Structure formats: C-alpha cells, structure tokens
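The values are calculated or read from the model by the stated rules, or taken from the named source; none is laboratory data. Everything numeric in this text was worked out from a predicted model, so none of it was measured. As a convention, Cβ positions derive from the backbone with ideal geometry for all residues, glycine included, and neighbour counts pool all protein chains shown.
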Amino acid sequence: MEHLFSYYTQVTFLSFIIINHLFEVYLSRRQVAALERHRSEVPQEFAADLSLADHQRAISYATAKLRLGQWKLCWEAGLLLYWFPLRGAEKLYVAVPFVDLHKEVAFLVAFTAVQMVINIPWAVYGTFVLEERFGFNRSTPRLFILDRLKGIALGALFGIPLLYVLFFVFVTTGRWWWVVAFLVLTGFQLFLVWLYPTLIAPLFNKFTPIEGAELKDKIEALVRRAGFNAREIFVMDASRRSSHGNAYFTGFGKNKRVVFFDTLLRDLKTGEVLAILAHELGHMKLRHIPKSLLTSLCLSFLGFWLMGELAHQNWFYAGHFIRAVSPGVLFLLFTQALSVYTFWPGPLGSWISRRREFEADAYAAQEARPEDLISGLLRLYRENASPVVTDRLYSFFYHSHPPALERIRRLESFVKGQARERLP
Ligand SMILES: [Zn+2]
C-alpha cells in the first residue's frame, strides 16, 4: 500500500514538473507575442507621453529578458529533475559527512552552496550582458563579487544557527515539534524584517535623509498628514548598481521607512515625487505590511502543520525520490520540491498585490494630485523601459502591479472626479 502511494506521488510530482514548465514557457511566449504585436505603434492612450523609440526600446528590453527567462525556465526544470527524479539530492545526502544534526545542517548548506554556484552564470549574464546592453548596468565586477560575499556571510551567520535550532526542536519536542518550529521561525522572520531597514540594507547601500528645502517641507507636510514621522523617508544610492528607478516601503514599528532610489529622484519633478511618496504612504496607512505578514504567517502555519503530518511518512520521501527519512530532507522537500504544487495558487497572491496597488493609488489620488502620479508613473515606465502593454494571462499569473493601461485609466477617473468637485 505504502509502495503504491509513493509510486503515485512520484508520477504526480513528475507530471507537475513537466506541466508547470511547459505552461510557464507558454505564458512567456504569449507575452513575447503580445509585445511584438504592439511594437509598431504606441497605444493611443500613451501616444502623447511616450515616443515610438522609447516604446520600442521597452519592448526590446522586455522580450530580451523574457527570452533569457525561457532558457532559465528550462535550466530550472532540468535542475528539479536532477535533484529529485534523478536522485541528485539523495546522492548529496548520502555523500555529506558528519552524523546527527551536523549531517542535516551540512546537507542543506551543501545543497544551497551548489545551487548558488551553478546559478552564478545567470546573474553574471543578466547584469553584465543584458542590463549592460540596454544601458542599465552600473555595477562593477568588484561590487558584484562583494555583494555575493556579503550575502553568503549573512546567510551563514543567520541561517546556520537557525537550522540547528529547528532540527534540535525536531528531534527533542516530540509530537508537537512543528508548532514549536513554527514559533521559532516566525520569531526569527519578524526579527529579520525589523532588523532589515536599519542593519542589513545599509550593508549594501547608503541611506541618507531626503534633501532639498522646498521638497523637504512638502514631504514633511504630506508625511505628517498621513500620521508618520518624516525621519522615516530616505534616499538610497541605488545608482551604484543600476539606473532603474523605484521606491519602496519596508519594516514595521519604529523601524518602518519609505525609501526612494536616487535614480528616481533625479528623473522626477517635485509634484511627481510627492505623488509617488503618497502612494507608498498609502501602503503604510492601509497596513499592507502587517496584512501580508499575517497572510504569510497563516500560510507558514499551514506548511508546518503539513510538515508535522508528513515528517514520518516514508511514502512522502520516496514519492519525491529520496529514501532517507530525515529532518534535513523534509526541509529540502518543503523549500524546493513543493513549489511545483504552489505554483498554481500563485495568481491569487498576484491578484491581492494588484488590488493593494490600486488602493495605494486611490490614497495617493486624495493626498496628492492624481495627474502628478500619472505623469510620474509614465516617466518611470519610460526610464525603466517597462512596456505599457502586456498579455492578460501572463499579467494575471505574474504581475504584482496592475497593467499600465488599467492603472492610468483608474487614476484618470480620479482626475475627472476632482475636476467635477472643483466646479461651483
Ligand atoms: Zn505600490
């Protein structure tokens, strides 16, 4: 019976790897086709703000990334096939020395190290060939290597002790180990989110309080109206690595902040900066960070419960092509193999994220001028060479932000609404 169960799991797992791969390549090809269809003409809504040359540059950049992405999808599917159906992970587990907890930790460290090393060529190509070709890359080989080394040091510093604690919990707390492990991991994650803005991000970039007297006054007024502290607005030297512009919000409690890329500030007018800041403040005001934290907590609790159920089921391990029943293997299966099943509910997350973008836009439209947000966004699309057209199905699966056209149309309805309010 158990043998039959593991056999069916193997068939299911293999089918998922192959079907997901084919489907993702299909989505990517749809997106390339949709972009190419629009190459000869700027959509009418954007004709006034976007030159044909900029539009075509965005399409060339996006299709180059998608085509590289298709090769990467093949590579990733091949790796999954190697690690699991071809038993690479099992071989690695057997080959790793040490015993007990040390073996479990060493196995995961070895797996992570191998994955990292074999994926370096993709990062090098992406940064120094693709981004370079479109004039976005500012990174140097030295900075690139330094970034990787810092990442490894941080991963080892936080990751290895965490693994020891988790495995210790696994072997010592009996039936309810998964509840304790969930609590440990959650506490650790909250600690990292809290630590990130003030201690981790500054290892990679310089953060300075935003400058310029007029801008500063206006920003402070806007931030105070939203109920936040102006000390929480920073400029980051993103131009060290890339000329892409962006803004983001991060952290919680006393540690939360809004961060502007210096590249963004250079390109935008004052009104546009304020409108984009209002959008980011909208995310904070509407509690999008605590909300997504809560969602991921629930999902993680569910995941740990499932781990508790599956931890000692031989068919589960054998069903994913590893015969060793061990906590290290269990963690590997949950972090690597099970993503083939969670691919399908993925669009739900993207949908929630797109809805939150609309909410933040609506907030920004009240607190700043919606026409400034429109022109700021259009400038961002142009400077970042993001195409303003997309395939609907592709966008449905992957995009965390609404398609340009929908976003601008909604903002325009705010502009019209305000115009009506201004009438006597
Ligand atoms: Zn946003």
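Against the conditions (1) out of contact with any helix residue (DSSP H, G or I) (no Cβ under 6 Å at 6 or more places or on another chain); (2) among the hydrophobic types (A, V, I, L, M, F, W, C); (3) modelled with pLDDT under 95, V42 satisfies every one except (1). Residue pairs whose Cβ atoms lie under 8 Å apart, separated by 6 or more positions or on different chains, with the first residue in the stretch 282-296 and within 17 Å of S350 (Cα to Cα) and the second of a type in the set (G, A, S), are H283/A360; H288/A360; I289/G251. In the condition set (1) at pLDDT 95 or above; (2) surrounded by 16 or more Cβ atoms within 10 Å (Cβ to Cβ); (3) of a type in the set (D, E, K, R), R67 is compliant with all but (2).
Checking each residue in the stretch 263-313 for being acidic (D, E) and either within 22 Å of R225 (Cα to Cα) or surrounded by fewer than 16 Cβ atoms within 10 Å (Cβ to Cβ) (or both) picks out E272, E280, E309.
From the list F182, F204, the lone residue that is closer than 30 Å to G303 by Cα and touching a residue at least 24 places away in the same chain (Cβ under 8 Å) is F182. Going by what's in this entry, would E309 be described as of a type outside the set (G, A, S) and within 16 Å of the ligand (Cβ to nearest atom)? Judged against the criteria, E309 is not a match.
Any residue at all in the stretch 272-288 that's of a type in the set (K, R) and either closer than 30 Å to F207 by Cα or within 16 Å of the ligand (Cβ to nearest atom) (or both)? Yes: one or more hits.
Among helices (runs of 4 or more DSSP H) entirely within the stretch 36-136, having at least 3 residues that are among the β-branched types (V, I, T) and free of Cβ contacts under 8 Å to residues at least 12 places away in the same chain singles out no element at all.
In the set F260, F252, F316, only one residue is surrounded by 18 or more Cβ atoms within 10 Å (Cβ to Cβ), in contact (Cβ under 8 Å) with a residue 24 or more places away in the chain and away from the ligand (no atom under 16 Å from the Cβ); that residue is F316.
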